């Protein structure tokens, strides 16, 4: 598998998992989604917002679109707006991943962190890996919050992506 194939797979996995988690979360009341559960971003809604924020920052950097330069706690207070923005972002990530080249991935990429305001230069592939690692990390928190609420988020493993459904045997 080439690095570009890997990142395209991760983009499809990202969309699949986000669809699953938003479908589950849509069954909760707004109060339940926004209830402070002691998580790093307090609530299910807060964690979903943070995931979208992180993707907005990285995709803005990768596509030269002036990403936010300060951390935004809540991009969308309304769940329907948050979900629509998530769907647009997932499409954007998939389309972008399809344009990646080995040359771009190997090139140095300079960015300024919103966390510590330091400027760093790393290979682009390491930062693309961070995009997908960040998503997986916080979706893990979401599945924990849902499980603690008595909701089974189901299987979250790559081999269960719908595109691999025919591979079971």
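The values are calculated or read from the model by the stated rules, or taken from the named source; none is laboratory data. In this text, all values refer to a predicted model and were calculated from it rather than measured experimentally. With ideal geometry, Cβ positions are generated from the backbone for all residues, glycine too; neighbour counts draw on all protein chains shown.
Could you list all residues from the range 67-80 that are free of Cβ contacts under 8 Å to residues at least 24 places away in the same chain and over 16 Å from the mean Cα position of the chain (by Cα)? Once the filter is applied, which keeps residues that are free of Cβ contacts under 8 Å to residues at least 24 places away in the same chain and over 16 Å from the mean Cα position of the chain (by Cα), the range 67-80 yields 77, 78, 80.
The rows are residues; the columns are (1) free of Cβ contacts under 8 Å to residues at least 12 places away in the same chain; (2) assigned to a helix (DSSP H, G or I); (3) out of contact with any strand residue (DSSP E or B) (no Cβ under 7 Å at 6 or more places or on another chain); (4) surrounded by 17 or more Cβ atoms within 10 Å (Cβ to Cβ).
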| site | (1), (2), (3), (4) |
| --- | --- |
| 28 | no, no, yes, yes |
| 36 | yes, no, no, no |
| 57 | no, yes, yes, yes |
| 65 | yes, no, yes, no |
| 99 | yes, no, yes, no |
| 104 | no, yes, yes, no |
| 116 | yes, no, yes, no |
| 120 | yes, no, no, no |
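Do we find a residue being at negative phi, surrounded by 12 or more Cβ atoms within 10 Å (Cβ to Cβ) and assigned to a loop (DSSP other than H, G, I, E, B) anywhere in the range 1-20? No, the range 1-20 contains no residue that is at negative phi, surrounded by 12 or more Cβ atoms within 10 Å (Cβ to Cβ) and assigned to a loop (DSSP other than H, G, I, E, B).
Any residue that is in contact with a helix residue (DSSP H, G or I) (Cβ under 9 Å, 6 or more places away or on another chain) and loosely packed, with under 13 Cβ neighbours inside 10 Å - is there at least one of those in the range 139-153? Yes: the range 139-153 contains one or more residues that are in contact with a helix residue (DSSP H, G or I) (Cβ under 9 Å, 6 or more places away or on another chain) and loosely packed, with under 13 Cβ neighbours inside 10 Å. Answer yes or no: is there a residue in the range 95-105 that is within 27 Å of residue 38 (Cβ to Cβ) and under 20 Å from the mean Cα position of the chain (by Cα). So far as the range 95-105 goes, no, none of its residues is within 27 Å of residue 38 (Cβ to Cβ) and under 20 Å from the mean Cα position of the chain (by Cα). All of (1) part of a helix (DSSP H, G or I); (2) closer than 21 Å to residue 24 by Cβ; (3) at pLDDT below 95 hold for residue 142 with one exception: (3).
Please count how many residues of the range 147-169 are in a helix (DSSP H, G or I) and over 17 Å from the mean Cα position of the chain (by Cα). Adding up the residues that qualify gives 10.
The residues of the range 73-107 that are at pLDDT below 95 and within 20 Å of residue 63 (Cα to Cα) amount to a single one, 75.
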